[in-house]
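Here, each number is a calculation from the coordinates, and none is a lab measurement. All figures in this text were calculated on a predicted structure; none of them were measured in a lab. Backbone-built Cβ (ideal geometry, glycine too); neighbour counts: all protein chains shown.
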Amino acid sequence: MGIRFILMVNKQGQTRLAQYYEWLTLEERRALEGEIVRKCLARNEQQCSFVEHRNYKIVYRRYASLFFLVGVDNDENELAILEFIHLLVETMDRHFGNVCELDIMFHLEKAHFMLEEMVMNGSIVETSKANILSPIQLMDKAS
Amino acid sequence: MSGPSLMDSLFQRTLEDLIKGLRQQLIGEQAFISKALEEIRKEIKSPDLSTKSTALLKLCYLSNLHFHDMSFAAFHALEVLSSPRFSHKKIAYHAISLSFHDSTPVLLLITNHLRKDLTSTNEFEVSLSLQCLSRIANVDLARDLTPEVFTLLSSNKLYVRKRAVAVVLRVFEKYPDSVRVCFKRLVENLENYDPQILSAVVGVFSELACKDPRSYLPLAPEFYKILVDSKSNWISIKVLKIFAKLAPLEPRLANRVVEPICDLMRKTGAKSLLFECVRTVVTSFSEYESAVRLAVGKIREFMVDEDPNLKYLGLHALSIVASKHLWVVSENKEVVIKSLSDPDPNIKIESLRLVMAMVSEHNVAEISKVLVNYALKSDPLFCNEILGSILSTCSRNVYEIIVDFDWYVSLLGEMSRIPHCQMGEEIENQLVDIGLRVKDVRLELVRVARDLLIDPALLGNSFLHRVLSAAAWVSGEYVEFSRNPLELMEALLQPRTSLLPPSIMAIYIQSAFKVLVFCLHTCFVRGGSTAGVSASASYESFDDLSVENGAGSTVAHGQTCTSAPITNESIVNLLKLVELALSPLLGSHDVEVQERARNLLGFVDLIKLEALNSSGQEENDSEQKGVEATKIIRLVHDAFSKELGPVSLSAQGKVPVPDGLTLNENLGDLETICSDIELPSSNTFSFGYPSEEKDVSSFSNLQIKEDSGQSNESTSLLAEHRKRHGLYYLPSGKSEVISNDYPPANDPALQGDNNDTASDLVKLTAESLVPKRKPNHSKPRPVVVKLDEADEKPVAVKHPESRDDSLSGAVRDILFGSEDILPTSSRSNLPSSNRKGKEKQHMITQVESKENVVGDGNSSSRRRKDHSHGKERRHRKKNAEERNETDRKEKESSSNHPRRQKSRQRAEEPLKVPPQTSVIPDFLL
């Protein structure tokens, strides 16, 4: 599976984006997000970005007011996931221009689309910013 | 509800309006959302697809971020999906991948939509439907759409092909038969040089190889090539993951791969790739000394880095190494121990695991001591983490590493006094378990239990109640080791026991019963014969009394026993105390407490009537009158003095079924009813009479050493308590120190110099990890009673591999022909007339030539490789697609006979390698 889910949560703990690669019911999702947010948001800058949770790991990184949390299997490479998060942020930055929480809120569907370009079936398939963004730009032009 | 009017769709709120409204709403978020949902329900029924799709988009937003159910819209999503407009389709696919799952009822209806889009000429439509398939595919979808996916696997549009490759993983998982169709093309993509395709296909294989690595061994040459050639760190990491799984299965492969991995480790600048190399080496190449050394060097760099992430990963990698190379941990112990006081709890826990990995029977005492000091200083969470790991490490394999049980028992006592300690249950289990298993430690155990019981402050801490219950049980069961049973009785009956929960209260009363019987027995039954000695001794002089019970003064029972100076007078007082303390409990609401209190009081009444009417009279007199009482006491005492021991969980199974007893008759029906009741977990123990513990003579050489100093503190606590609640205590002639308050259960300030504990630990591990054998155990390790298999391996290790997994079975069919792997030896023995044998050898031919290529790698052989590859592929494909007899025959006749002859000779060469490799397929590197 590799990546199990990707969450974006603001520092008040509100979910701003949730992408799951395995099916969870709404109740399971609510519980999971609650637990994770409690665990990760309490940590400070001096602490490491990896948290063990249930039977997997969460790799997270904070950008301004937004936390990017990625749930991965135990043998997934933590540093690669951190790079992935950074790549995601850079990609969104290039598209939105200085991306902020509001951009993601108002363009949730687009953010999902970008993630879909990057990750399929829980494994990372695309890591080139140009390749990720070209279909989105094409579609923007078309509409 | 009427359908939405034109006005509704004209003035429909867009998603943006919804979000803005949500941010500015004044009526409360929930109210606003339910109003919006109401609108959406109306709009989604609109015949206009634009209105419908906007409604769907809004619904997706609310579902994704505000947890609102959107399953009601499943059918509407399908309607939007049938729209010819791409923007509608996009929304529909988005909604479907967010909300559909295996039990969505309309899933059946989506097959044709997907098929249509998969064959569309618009690559973005194809991509959307592939993406969707990767999220929602179930068995039916996977089966029905396999042909389309197969076609797309060789699409000339990279954008589409990459997604088709990625979707294959889900299709294989759901419908393993699709492997027969698609696997060839998937492997072909492995030779593609486009990084996009390669990244996708390697990702698929790394997932597949996780589940069943053995099936993918034949692809090792391809992976090797990618590993050596790859420029992308992402791809390298994935390939390393594959090799981490493959290498342990095939030593020759490991030999080849270890060098390139080390090269990569030396060269790469990317920390993620570097860490993956390190992890691969320490998990799968731990026999390669030089590689491990290199990796350990990198781990060290990680651990001393400022970045907490690298530090954590370094420690984590170190704990992987620790299982095989303990020297690595001891080499880096300073860093590890320094990390124990890191600000990050995750790093602390990692380093704790490593410290525990260093524990051996030589240093367990020192390390535990330092860790307990750490526990005193830490926050509650980490404190219990430390205590938990000490407890589990020390009790591992029936206290394997403990030599000095006296020390361990007092450590348990000490741990339970740590303010944050919440490990009561575990400590309770171990105290009782050790009491049952280790005879020689019972003296110390009773002393520790007494110290715990006697301290009134501990009763207030609810986390300690479980420990106290163990202490009460131990001191009741082994009361013959107690120096002062009367004092014990006071502790068991002290007023603050009312703070205990009823179940533990019951244990206290039962223990009080045992202690009382013991006192009476000593006084009347045994005391009668040695009346002269004990009668003269006074109660107050207990503490300075030194009792020496050597081998010479063994009593008839074989039990060591204090010649306790229990007088008639003290017995009378004792009985009074029992009555006073227990009479209120007769009205207890808890049946257990009530019943036990009643038992004990009934017994006291009996004894009083029979024996103590003449308490003031001569010894002889009371002896005559108390004949009956003596009999009772002896009876009860005998009942209590039967020794309890650990009982194997499987003990019941060993009892032979008596003849004529049919156990199954009439109870067969119960099986269905009780089938869901599980067996108790293996670490619980039960009580009973052990069969192998008849020999009690080892008690005779026990020595009771008097050490008045160590018990001073708790005795003074009791003294203070006695002052306050004098009413409940036996009369005492001494004057005592006055104190108005309970002292705290444990004062961390008393622990004094904890500051340099880190350096202490470094020092002591330095000493103890050096393999010099310090003969510091002055006494031999006592016997620990072990029960047969039940203790050794509680749970049979389950084999994680599922051999007959249908997916790996299918993959194997493709890669190995229609047979499973055969050992080389048996293969070469196959008669050449055997059809299957021929097919195999045909395969060997090609792989042999591949072997050459990787071996020398010059250009001419590379060409030959490509050539043979192509042929192999052709044959394999034919094999898969048609699989008929004629094809096979044709192939055999067309294949190169002379080559086969040669290859057979070559194939025999590897047979000379050591026998262990014979199980491994020959066609590797």
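Per residue of the stretch A:91-105, what does 6.51 cos²θ - 1.76 cosθ + 1.60 with θ = phi - 60° give for ³J(HN,Hα)? Whole Hz please, x for Gly and Pro, Karplus curve as stated.
Karplus values, whole Hz, x for Gly and Pro: 4, 5, 4, 5, 6, 8, x, 6, 4, 9, 3, 5, 4, 5, 4.
Let me confirm one metric for peptide B:60-69, namely the mean number of other chain beta-carbon atoms within 10 Å of its residues' beta-carbons.
That works out to 4 on average.
Sort out for me the Cα centre separation of the stretch B:100-136 from the stretch B:338-411, rounded to whole Å.
55 Å
How big, on average over all directions, is the shadow cast by the Cα convex hull of chain A, in nm²? Walk me through the intermediate numbers first.
Details: hull surface 34.4 nm².
Average projection, Cα convex hull of chain A: 8.6 nm².
Where does each of B:VAL403, B:VAL304 land when they are ranked from fewest to most other beta-carbon atoms within 10 angstrom?
Working: B:VAL403 18, B:VAL304 14.
Listing B:VAL403, B:VAL304 from fewest to most nearby Cβ atoms yields B:VAL304, B:VAL403.
Where does each of B:THR280, B:THR567, B:THR151 land when they are ranked from fewest to most other beta-carbon atoms within 10 angstrom?
On the way: B:THR280 26, B:THR567 18, B:THR151 13.
Neighbour counts put them in this order, fewest first: B:THR151, B:THR567, B:THR280.
Going highest first, how would you order B:445-454, B:210-219 by mean Cβ packing within 10 Å?
Going by the mean number of other Cβ atoms within 10 Å, highest first, we get B:445-454, B:210-219.
Averaged across A:113-122, how many Cβ atoms of other chains sit within 10 Å of each residue's Cβ atom?
6
For the stretch A:3-142, build the charge dipole from Cβ charges (+1 Lys, Arg; -1 Asp, Glu) around the Cα centre, then report which of A:VAL59, A:MET105, A:GLY71 sits farthest towards its positive end.
A:MET105
What percent does the relative contact order of chain A come to when contacts are Cα pairs within less than 8 Å and at least six residues apart?
Relative CO of chain A lands at 25 percent.
Under 5 Å between amide H atoms, partner at least 5 residues away or on a different chain: which partners does A:ARG16 have, H built in plane at 1.01 Å?
Result for A:ARG16 returns A:MET8, A:VAL9, A:ASN10.
Okay, which of the stretch B:150-166 sit inside 19 Å, backbone N to the point 7 Å along the Cα-Cβ direction of B:ASN122?
B:157-161, B:163-164
For a quick check: sort B:LYS89, B:LYS338 by the number of other beta carbons within 10 angstrom, fewest at the front. Walk me through the numbers before you get to the answer.
On the way: B:LYS89 23, B:LYS338 16.
Going from sparsest to densest Cβ surroundings: B:LYS338, B:LYS89.
Using a simple charge model, +1 on the beta-carbon of Lys and Arg, -1 on the beta-carbon of Asp and Glu, nothing else, what dipole does the stretch A:3-142 show about its Cα centre, in debye to the nearest 20?
Roughly 400 debye, rounded to the nearest 20.
Please average, across the residues of A:43-50, the number of beta carbons from any other chain that are within 10 Å of each residue's own beta carbon, and give a whole number.
6
Cross-link list B:LYS245/B:LYS324; A:LYS57/B:LYS271; A:LYS129/B:LYS311; B:LYS298/B:LYS324: which exceed 21 angstrom alpha carbon to alpha carbon? Write down the numbers at each step before the final one.
Working: B:LYS245/B:LYS324 17 Å; A:LYS57/B:LYS271 19 Å; A:LYS129/B:LYS311 30 Å; B:LYS298/B:LYS324 17 Å.
Correct reply: A:LYS129/B:LYS311.
For the stretch B:360-372, take each phi angle, set θ = phi - 60°, evaluate the Karplus expression 6.51 cos²θ - 1.76 cosθ + 1.60, and give the result in whole Hz per residue in order, putting x for glycine and proline.
9, 5, 7, 10, 4, 5, 5, 4, 4, 4, 5, 5, 5
How high is the FRET efficiency between B:ASP102 and B:GLN652 when r is their beta carbon distance and R₀ equals 41 Å, given to the nearest 0.05?
0.40
How many angstrom separate the Cα center of the stretch A:1-68 from the Cα center of the stretch A:93-143?
Between the Cα centre of the stretch A:1-68 and that of the stretch A:93-143, the gap is 20 Å.
Checking the table A:LYS141/B:LYS241; A:LYS141/B:LYS162; B:LYS184/B:LYS238; B:LYS162/B:LYS225 against a 31 Å threshold on Cα-Cα, which pairs fail?
Violating the 31 Å Cα-Cα cut-off are A:LYS141/B:LYS241.
Would you compute, from DSSP H runs of 4+ residues alone, the mean residue ellipticity of chain A at 222 nm, taking -39500 (n - 2.57) per run and dividing by the full residue count, rounded to the nearest 500?
My calculation for chain A gives -14500 deg cm²/dmol from helical runs alone.
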